[in-house]
Amino acid sequence: MEDTTEKKPRTDGGGGEPSGSAEGGGLVERLPEALLVEVLGRLDVDDACSAAASCRSLHAAANAAIFALTTIDLSAFAPSNAILSRILAGNGALLSLTVNCSLLQDNAASVIAKGSLRELSLLKCSFTTRFFTAIGEKCLNLRSLKLEMAVAPVVLHSRYFGRGACLAPIYEGCRYLETLWVKFFELDPRTADCETLLPFIPCTVKELLLQPMPHLQAKTVFPKNTSLEKHITDSLESVSLVLDIITDELVILITSNVRSLVELCLEDGPVVQPSLPEDLTNIGLQALALCHNLRHLSLRRRCCDFRRVNDFGILMLAEGCKQLRTIRFGGFSKVSDAGYAALLHSGKDLKKFEVSNGSSLSDLACLDLDRAAPNITEVRLLNCALLTSDTAISLAPCTGLKVLDLSGCKSIADSGLVSISQLPNLTLLDLAGADITDAGLSALGNGRCLISSLCLRGCRRISSNGIASLLCGSGTINKTLVSLDIGNVQKISCRAVTVIAKNCERISSLCLRNCLLITDSSLEVLGSMGCNSGKCSLRMLDLAYCSKLSRNFLRLFEPPMFRGLRWLGIGKNVVQRRGCSPKVAELLEQKPGLTICGNACDMGCRNMCHIDIRYQ
């Protein structure tokens, strides 16, 4: 039958023509503009921009909606100066802004610096003092500032003459700051110079995060204030520091002088085991026990462990801090089940409990957890070698549990997964390295969980058949799953990818890292997701070390394939080894919203800053 639908000719402007029939386009144009603006205002910025390309009415409504947004999050991709200007230039109502600044230059300050801003988060930025001066001059009412600096140490000191000298204009201009986060990923806590930063921090700050911070300089932030002038310790409620060494002296200074302390997060990573007096002992835990209003406590050590803290120090802490809602401990090798059980039974308000590298933690610590902590919603037990499936079984009565992370607990087997599958509110499950099989995945696929994020990385006994059982079972996980990590599983093949593409319509993050059976045909199936409907949910894809991909696999990412993809991991040196650098540059020109990582970073380059792949 001949198609008699009248086609409207294209005209300049308007951002595109109606798709479909003339009647369909007329229907949209007859809708009140206020209604279109209201609908588009509820979408993400990228979805609103996609809608703007369909017809003139939606283009105008999308512009009005974006210009009226009070909250904009551009962390999922790195906009250029031009793209950022088109999104922000006409918005005078913006209150909260988050931007991935990887591709931005100093002149982006002309659109970022708005007097209406109350919250500003700048990720992976490498601006000069000129940019920060503009922020300090125009954002006078800023309440929250979060900075992630992507600057190498040599460049930092040669360009800025010290960290504080660079950021001082912000601290001097934004006199009402209540939240201040400053992260320098490239700096070593042992050599970082923060001395010029400290005098400029406003005394109004209630939440402070500094990364990294030498412990000797950290002590100068919390002196005993004997003067009548207001000091930062008078207003501080939350302190987060990434240090070279956590010591008793520093903990005592913080607990003695920060009188309103509600949250304390300390992390270090000494290369060698610290010696006295430069270490944390039971004395430091005893000082913490005097903070009766403490709600959130995190003490973590990487590489080494806290060998001078034992059950006695933990028992004193549990006796003094009975209102803790969050506990995160890492590297306490001398603390046994008795110490951890005391913390779990110390109060009824506990909601989040995390232990990493707890070499003495066993299944006994979590017995009767539902009675000890009836409000518990998050349990993370990472790399605890003594834990078995009995821990997972003991957690089954905790019906309010939403997050369960047992990554690195290699003795978790199918029996534990059967119990976990009955948790009705569970949304995040991490079983990386567990000893589960396809039978366990089948039980999870037929369970009651509403899991949106699932990690099975390194579970070597599962296969594509298990993924099929998981996603084709009688449960609802195929409808709720948003993030899936099946990296480092040698038996994952094209069949698993096909099952994911056909059954997981909401999947936005997929890790296939080091899956050696993945081929180009797998990507063809995955890339065609949503081609018919014009909507693809996949935003991040990790293909690092998938060695069976062909030399020209990047052609599969050309439009219209993988529509909406924001991040693609292709592994270290893949571009140079296979000679596809020109193709990368061409693909990034075709998809300006896409970030391609060739550095083997974890999904989304979390906590990693590196230059654009085209310039490596």
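The values are calculated or read from the model by the stated rules, or taken from the named source; none is laboratory data. Quick caveat, the model's predicted, so the values are computed rather than measured. Cβ atoms come from the backbone with ideal geometry, glycine included; neighbour counts cover every protein chain shown. Just the protein is used for accessible areas: all its heavy atoms, side chains included, with ligands, DNA and RNA removed. Shrake-Rupley method; radii C 1.70, N 1.55, O 1.52, S 1.80 Å.
Summary of values
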| read-out | value |
| --- | --- |
| Identity of the residue in region 325-342, assigned to a loop (DSSP other than H, G, I, E, B) and crowded, with 21+ Cβ neighbours inside 10 Å, that ends up nearest to the chain's Cα centre (by Cα) | 331 |
| Counted residues, region 315-333 - those being touching a helix residue (DSSP H, G or I) at 6+ places or on another chain (Cβ under 9 Å) and more than 22 Å from residue 410 (Cβ to Cβ) | 9 |
| Qualifying residues in region 413-453 (those that are within 18 Å of residue 465 (Cβ to Cβ) and among the acidic types (Asp, Glu)) - the one nearest to the chain's Cα centre (by Cα) | 435 |
| Qualifying position, being of a type in the set (Gly, Ala, Ser), closer than 18 Å to residue 47 by Cβ and either open to solvent by 40 Å² or more (accessible area, probe 1.4 Å) or in contact (Cβ under 8 Å) with a residue 60 or more places away in the chain (or both), among 82, 89, 68 | 68 |
| Those residues of region 343-364 which are of a type outside the set (Asp, Glu) and open to solvent by less than 30 Å² (accessible area, probe 1.4 Å), in sequence order | 343, 344, 346, 347, 350, 353, 355, 356, 358, 361, 362 |
| Subset of region 337-386 (residues that are of a type in the set (S, T, N, Q) and touching a helix residue (DSSP H, G or I) at 6+ places or on another chain (Cβ under 8 Å)) | 346, 360, 362 |
| Residue match in region 580-588 (condition: at pLDDT below 80, open to solvent by less than 60 Å² (accessible area, probe 1.4 Å) and in a loop (DSSP other than H, G, I, E, B)) | yes |
| Test: residue in region 204-218 that is touching a strand residue (DSSP E or B) at 6+ places or on another chain (Cβ under 6 Å), part of a loop (DSSP other than H, G, I, E, B) and modelled with pLDDT of 85 or more | yes |
| Residues satisfying the stated conditions in region 481-497, i.e. open to solvent by less than 10 Å² (accessible area, probe 1.4 Å) and either in contact with a helix residue (DSSP H, G or I) (Cβ under 6 Å, 6 or more places away or on another chain) or of a type outside the set (Gly, Ala, Ser) (or both) | 481, 484, 486, 489, 492, 496, 497 |
| Residue satisfying condition, being open to solvent by 10 Å² or more (accessible area, probe 1.4 Å) and over 21 Å from residue 315 (Cα atoms), within set 262, 239, 271 | 271 |
| Inter-residue pairs, beta-carbon under 8 Å, first of a type in the set (S, T, N, Q) and open to solvent by less than 30 Å² (accessible area, probe 1.4 Å) and in region 94-108, second at pLDDT 95 or above and outside any strand (DSSP E or B), 6+ apart | 96/117; 96/118 |
| Some residue of region 365-381 being open to solvent by 10 Å² or more (accessible area, probe 1.4 Å), modelled with pLDDT of 95 or more, closer than 16 Å to residue 411 by Cβ and assigned to a loop (DSSP other than H, G, I, E, B) | no |
| Residue match in region 441-451 (condition: of a type in the set (Ser, Thr, Tyr) and outside any loop (DSSP other than H, G, I, E, B)) | yes |
| Single match in 494, 515 (criterion: over 28 Å from the mean Cα position of the chain (by Cα) and without any contact (Cβ under 8 Å) to a residue 60 or more places away in the chain) | 494 |
| Cβ-Cβ under 6 Å pairs, at least 6 apart or on other chains, region 382-393 side small (Gly, Ala, Ser), far side not in a loop (DSSP other than H, G, I, E, B) | 389/415; 389/416; 392/416; 392/419; 392/420 |
| Which listed residue is open to solvent by 20 Å² or more (accessible area, probe 1.4 Å) and either of a type in the set (D, E, K, R) or assigned to a helix (DSSP H, G or I) (or both), from 514, 478 | 478 |
| Filter pass, residue 186 being part of a loop (DSSP other than H, G, I, E, B), more than 19 Å from residue 72 (Cβ to Cβ), at pLDDT below 85 and not polar (S, T, N, Q) | yes |
| Any hit, region 527-538, residues being under 24 Å from residue 78 (Cα atoms), assigned to a helix (DSSP H, G or I), out of contact with any strand residue (DSSP E or B) (no Cβ under 6 Å at 6 or more places or on another chain) and modelled with pLDDT under 90 | yes |
| Hey, residue 31 open to solvent by less than 30 Å² (accessible area, probe 1.4 Å), modelled with pLDDT under 90 and over 25 Å from residue 142 (Cβ atoms) or not | no |
| Residue match in region 35-50 (condition: surrounded by fewer than 17 Cβ atoms within 10 Å (Cβ to Cβ) and out of contact with any helix residue (DSSP H, G or I) (no Cβ under 9 Å at 6 or more places or on another chain)) | yes |
| Selection within region 281-322 - under 18 Å from residue 253 (Cβ atoms), among the hydrophobic types (A, V, I, L, M, F, W, C), in a helix (DSSP H, G or I) and open to solvent by 80 Å² or more (accessible area, probe 1.4 Å) | 283 |
| Sole residue being polar (S, T, N, Q) and modelled with pLDDT of 85 or more, chosen from 54, 75, 19, 50 | 75 |
| Selected residue [modelled with pLDDT of 90 or more and under 20 Å from residue 150 (Cβ atoms)] from 593, 604, 569 | 569 |
| Qualifying positions in region 115-143 - within 18 Å of residue 209 (Cα to Cα), open to solvent by less than 10 Å² (accessible area, probe 1.4 Å) and of a type outside the set (A, V, I, L, M) | 125 |
| Enumeration of residues in region 416-441 that are out of contact with any Asp or Glu (no Cβ under 9 Å at 6 or more places or on another chain) and over 10 Å from residue 462 (Cβ atoms) | 417, 418, 419, 420, 421, 422, 423, 424, 425, 426, 427, 433 |
| Any chance residue 502 is open to solvent by 20 Å² or more (accessible area, probe 1.4 Å), among the charged types (D, E, K, R), assigned to a helix (DSSP H, G or I) and farther than 21 Å from residue 604 by Cα | yes |
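Conditions (1) assigned to a loop (DSSP other than H, G, I, E, B); (2) over 25 Å from the mean Cα position of the chain (by Cα), marked per residue:
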{"position": "234", "(1), (2)": "no, yes"}
{"position": "241", "(1), (2)": "no, no"}
{"position": "251", "(1), (2)": "no, yes"}
{"position": "254", "(1), (2)": "no, yes"}
{"position": "260", "(1), (2)": "yes, yes"}
{"position": "264", "(1), (2)": "no, no"}
{"position": "267", "(1), (2)": "no, no"}
{"position": "270", "(1), (2)": "yes, no"}
{"position": "273", "(1), (2)": "yes, yes"}
